[in-house]
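Asks: To start, I am sharing the structure in question, which I have written as structure tokens.
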Amino acid sequence: MVNEQEFLAGYDPRAYPAVAVTVDVVALTIRDGELQVLLIQRAAPPFAGFWALPGGFVRPEEDLPVAARREFAEETGLGGEPLRRVHFEQLASYGAPERDPRMRIFSIAYLAFAPDLPEPSAGSDASAAQWLPVTALPSRELAFDHRRIVDDGLERARSKLEYTPLATRFVGEEFTIADLRAVYETVWGHPLHAGNFHRKVLSVPGLVEGTGATTEHGGPRGGPRARLYRAGDANLLHPALLRPAREETVR
């Protein structure tokens with residue numbers, strides 16, 4: 001029986017089918033009051049001229065999260081401390097044999113989520129880059145299986161707002177309940193009843209905490225000044241803030 005050193009010395013990776021690993025990033029932000037996704041236009045085959053998610057091959061020296069952040073930074077021009085403030089998490093892996101016409105390629109997708117991300121700058125392998133409102137996605141044909149990846153990323157982001165305080169990352173350090181409601185409405189794509197939302201937010205322990213201060217002025221039609229809040233210390237929301245359609249399902 002050979003020992004490990006002898007086994008590795010005689011191991012030939014060419015005896016197995018060649019595969020490659022890429023990362024793709026579903027980058028979401030809120031711009032101009034809309035939920036938008038970052039897309040790049042491919043400059044070379046396959047799918048030259050098609051729009052796709054930012055991504056690329058993992059370099060030999062890179063771990064997966066490092067590769068995902070590098071690809072995101074190359075397309076957004078965002079680096080340093082601003083990049084560290086972006087919420088990053090691994091989304092899913094995709095490995096259908098026919099997903100890439102070049103060879104067998106497995107993609108590890110990541111979700112990047114932050115407010116007011118800057119205008120993108122196309123990297124070396126792209127001819128253009130843009131933020132696209134998710135409401136315009138049905139009219140845009142995407143390369144590879146990126147439509148499925150985008151759909152999975154959108155569902156993950158919407159779910160995160162139900163069970164975590166992620167929405168508080170998209171408002172200022174101090175905010176009103178109406179500011180927070182606008183984030184939920186934008187990401188979920190549905191209007192919410194102001195009174196019901198206010199009551200639910202204040203009933204979730206640790207989601208928000210009062211600052212004791214109020215806005216300088218009342219609403220656009222006058223009236224009392226709104227109370228200001230800051231993010232609480234909760235990591236998970238219990239009870240969850242469910243989307244209206246899911247509330248009906250749970251009942």
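Asks: For region 160-175, name all the residues that are out of contact with any helix residue (DSSP H, G or I) (no Cβ under 9 Å at 6 or more places or on another chain), open to solvent by less than 30 Å² (accessible area, probe 1.4 Å) and of a type in the set (Ser, Thr, Tyr).
Replies: Answer for region 160-175, where residues must be out of contact with any helix residue (DSSP H, G or I) (no Cβ under 9 Å at 6 or more places or on another chain), open to solvent by less than 30 Å² (accessible area, probe 1.4 Å) and of a type in the set (Ser, Thr, Tyr): just 164.
Asks: Further, regarding this structure: Please find, within region 153-195, the residue that is nearest to residue 227 (Cα to Cα) out of those that are in contact (Cβ under 8 Å) with a residue 60 or more places away in the chain and hydroxyl-bearing (Ser, Thr, Tyr).
Replies: By that ranking, first place goes to 168.
Asks: Could you grab me the full set of residues in region 210-224 that are open to solvent by 80 Å² or more (accessible area, probe 1.4 Å) and closer than 17 Å to residue 181 by Cα?
Replies: Within region 210-224, just 220 meets the criteria.
Asks: Restricting to region 116-144, name every residue that is under 17 Å from the mean Cα position of the chain (by Cα) and surrounded by 16 or more Cβ atoms within 10 Å (Cβ to Cβ).
Replies: Residues satisfying the conditions are 117, 120, 129, 131, 132, 134, 137.
Asks: May I pose another question? Just for region 145-156: of the residues that are of a type in the set (A, V, I, L, M) and crowded, with 20+ Cβ neighbours inside 10 Å, which one is nearest to the chain's Cα centre (by Cα)?
Replies: Restricting to residues being of a type in the set (A, V, I, L, M) and crowded, with 20+ Cβ neighbours inside 10 Å, the top hit is 150.
Asks: Only one residue in 44, 18, 96, 9 is in contact (Cβ under 8 Å) with a residue 12 or more places away in the chain, over 26 Å from residue 141 (Cα atoms) and over 17 Å from the mean Cα position of the chain (by Cα), so which one is that?
Replies: Within the list 44, 18, 96, 9, the selection yields 18.
Asks: Shifting gears a bit: Among the candidates 228, 192, which residue alone is assigned to a loop (DSSP other than H, G, I, E, B), buried (at least 17 other Cβ atoms within 10 Å of the Cβ) and on the phi < 0 side of the Ramachandran plot?
Replies: Of 228, 192, the one residue that is assigned to a loop (DSSP other than H, G, I, E, B), buried (at least 17 other Cβ atoms within 10 Å of the Cβ) and on the phi < 0 side of the Ramachandran plot is 192.
Asks: Something else about it: Residue pairs, Cβ under 7 Å, 6 or more apart or interchain, first in region 100-121 and charged (D, E, K, R), second assigned to a loop (DSSP other than H, G, I, E, B). List them.
Replies: Final answer for the pair search is 100/144; 102/46; 104/17; 104/97.
Asks: Every residue in region 1-46 that is among the basic types (Lys, Arg) and in a strand (DSSP E or B), please.
Replies: Residues satisfying the conditions are 31, 42.
Asks: Then there's this: Restricting the search to region 1-41, which residues are of a type in the set (Ser, Thr, Tyr) and open to solvent by 80 Å² or more (accessible area, probe 1.4 Å)?
Replies: Scanning region 1-41 gives 11, 16.
Asks: When you check residue 60 against the structure, is it under 25 Å from residue 159 (Cα atoms) and at pLDDT 90 or above, yes or no?
Replies: Here the answer is no, as residue 60 does not meet what is asked.
Asks: For residue 220, indicate whether it is at pLDDT 95 or above and over 14 Å from residue 161 (Cα atoms).
Replies: So residue 220 fails the test.
Asks: Taking the stated definitions as given, is residue 107 open to solvent by 30 Å² or more (accessible area, probe 1.4 Å) and either polar (S, T, N, Q) or over 16 Å from residue 31 (Cβ atoms) (or both)?
Replies: No, not satisfied.
Asks: A follow-up question, please. Mind listing whichever residues of region 47-63 are open to solvent by less than 50 Å² (accessible area, probe 1.4 Å) and among the aliphatic types (A, V, I, L, M)?
Replies: Correct list: 52, 53, 58.
The values are calculated or read from the model by the stated rules, or taken from the named source; none is laboratory data. Because the structure is a prediction, the values reported are computed rather than measured. Reconstructed Cβ throughout: ideal geometry from the backbone, glycine too, with neighbour counts over all protein chains shown. Accessible surface areas use protein heavy atoms only, side chains included; no ligands, DNA or RNA. Shrake-Rupley method; radii C 1.70, N 1.55, O 1.52, S 1.80 Å.
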